[in-house]
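All of the numbers you see were taken from the coordinates with simple rules; none came from a lab. On a predicted model such as this, the values are computed, not experimentally measured, just so you know. Quick reminder, even Gly has a Cβ in these numbers, built from the backbone with ideal geometry, and neighbours come from all protein chains shown.
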Amino acid sequence: MRSSRVVRSFVLASAFVTGLAAVAPAGASPAGTPKPQVVKSAGAIAPQVDQFRSLLGVDNGGAPVQSTTGRREINWDSVPDELAAPNALPADFFNATTEPRARGVVLETPGDYVAVSAKTGNPAGVPVRFGDINPSYTDTFRAFSEERLFSPVGSNVVNLHFNVPGTTTPAVVNGFGAVYTDVDKKESAAFEYFDAKNKSLGKFAVPVSKDGYSFLGVAFPSPIVARVKIVYGNNKLGPKDGKKYDVAVMDDFIYGEPQPRT
Ligand SMILES: [Ca+2]
Ligand SMILES: [Ca+2]
């Protein structure tokens, strides 16, 4: 049960969020789940991305240092060419023990592997924005931060697990949000949040933005998220984006500071 003080804080925070941007009521949380704040936007998403950053707190960077507050981010742009498309990105690339890769994230897919897209001027001449998988993607997808994007290959699902940065100690976070590019169909892209007992905390659809950007961020009142199941469009990368298939990929990930599970 929430105290009245906590409820009041939440109402005030919700008003703050509503005053700035498009905010949807969660709606999708199972009964008994702490009610999250949902920040989402399509098109010109930069204000909502910054709003979600503010909700989570200061950027703690990529050092193997524990903090009880703040957030971490991954924008994929510093991944070296040899670990970018057409090659796999190691699932634990951002769970290293040293700075700047100690960000407490492990990325698993039921498909073949996870990948970041190639960068302009790469020595092997690999097309940018996953044009190596389908040439049309270079035109279809847009980068929000610098040009590397992220996607699973061989599946349209990624399971994101959190560790205490720099360690293999399982962790929980108070929120996760991310940028998508080219979500064409309603509810074809979504995040589902799970607690440490693998109980769903709710599933939230990413807003549609054809040929553009979408942002969805969900922040819970305390660190309870152990896993986020991310669904990318309604098909894995490969077919041309069109009436039948909606392929979508992601750019920046923003999440609460991973905390040891209690
Ligand atoms: Ca990027
Ligand atoms: Ca699409």
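Would you kindly state the longest site-free stretch of the chain, with sites defined as trypsin sites (Lys or Arg not before Pro) in a DSSP loop (not H, G, I, E, B) surrounded by at most 15 other Cβ atoms within 10 Å? Looking at the chain, 3-184 is the longest stretch - no exposed trypsin sites (Lys or Arg not before Pro) with at most 15 other Cβ atoms within 10 Å.
Simple rule: put +1 on each Lys or Arg Cβ and -1 on each Asp or Glu Cβ in the chain, find the dipole, and look at 121, 231, 212; the Cα lying farthest toward the positive end is 231.
For residue 210, nonlocal amide neighbours, meaning residues 5 or more places apart or on other chains whose placed amide H falls under 5 Å from its own, do not occur. With respect to the chain, whose longest principal axis is taken over its alpha-carbon atoms, helix 4-20 is tilted by about 40°.
Here residue 31 and residue 134 are evaluated by their C-beta separation; at R0 = 35 Å the FRET efficiency comes out at 0.25. Spin-label pair residue 54-residue 87: with each label point 7 Å from Cα along the Cα-Cβ axis, the two points sit 4.1 nm from one another.
The stretch between residue 192 and residue 244, if pulled fully straight at 0.36 nm per residue, gains 16.4 nm over its current Cα-Cα span. Straight-line cross-link reach from residue 229 at under 17 Å between alpha-carbon atoms covers these lysines, not counting any fewer than eight positions away in the same chain: 197, 199, 203.
Summed over qualifying helices (DSSP H, 4 residues or more, each -39500 (n - 2.57)) and divided by its residue number, the chain shows a 222 nm mean residue ellipticity of -3500 deg cm²/dmol.
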